[in-house]
1. Inspect all residues belonging to the range 22-34 and state whether any of them is exposed (fewer than 10 other Cβ atoms within 10 Å of the Cβ), at pLDDT 95 or above and on the phi > 0 side of the Ramachandran plot.
2. Where the second residue is part of a loop (DSSP other than H, G, I, E, B) and at pLDDT 90 or above and the first is within 17 Å of residue 38 (Cβ to Cβ) and of a type outside the set (Gly, Ala, Ser) and lies in the range 1-14, which pairs have Cβ atoms under 9 Å and are six or more apart or on separate chains?
3. When the range 46-92 is examined, which residues are found to be within 30 Å of residue 7 (Cβ to Cβ) and either in contact with a Phe, Trp or Tyr (Cβ under 7 Å, 6 or more places away or on another chain) or modelled with pLDDT under 95 (or both)?
4. What residue, of 15, 62, 87, is surrounded by 10 or more Cβ atoms within 10 Å (Cβ to Cβ), part of a helix (DSSP H, G or I) and not polar (S, T, N, Q)?
5. Of 72, 67, 43, which residue is assigned to a loop (DSSP other than H, G, I, E, B) and either touching a helix residue (DSSP H, G or I) at 6+ places or on another chain (Cβ under 6 Å) or free of Cβ contacts under 8 Å to residues at least 40 places away in the same chain (or both)?
Amino acid sequence: MALVSARLEFRVRPDRKSLIERAAELVHEPVSEFARTAAEEKADRIIREYEATTTVPAEFFDELLDALDDPASPNAALTRAAKRARDTVTRD
């Protein structure tokens, strides 16, 4: 089976290019190999995070749903904190 490759090009600022070249030099890799590996590793990590699932015991899940269906009333400290947040935080 023939090995097929695809080309990917991108532009970087001169200072970023120097940074990448220096890092590649430190690990004794060609710049293209270094950049390709870094991009592949980041893509793999992002996809793993995006597709990640969390498994919890059924009892925990049932307790969570119960808490969401019947939330506790806020205490005085939480009410004051929420008011401070509304007074302090601005949203664009």
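1. Within the range 22-34, one or more residues are exposed (fewer than 10 other Cβ atoms within 10 Å of the Cβ), at pLDDT 95 or above and on the phi > 0 side of the Ramachandran plot.
2. Within 9 Å, no pair qualifies.
3. 48, 49, 50, 51
4. 62
5. Answer to the selection: 72.
The values are calculated or read from the model by the stated rules, or taken from the named source; none is laboratory data. This one's a predicted model, so the numbers in the text were calculated from it and none came from an experiment. Neighbour counts are summed over all protein chains in view; Cβ atoms, including those assigned to glycine, are modelled from backbone coordinates with ideal geometry.
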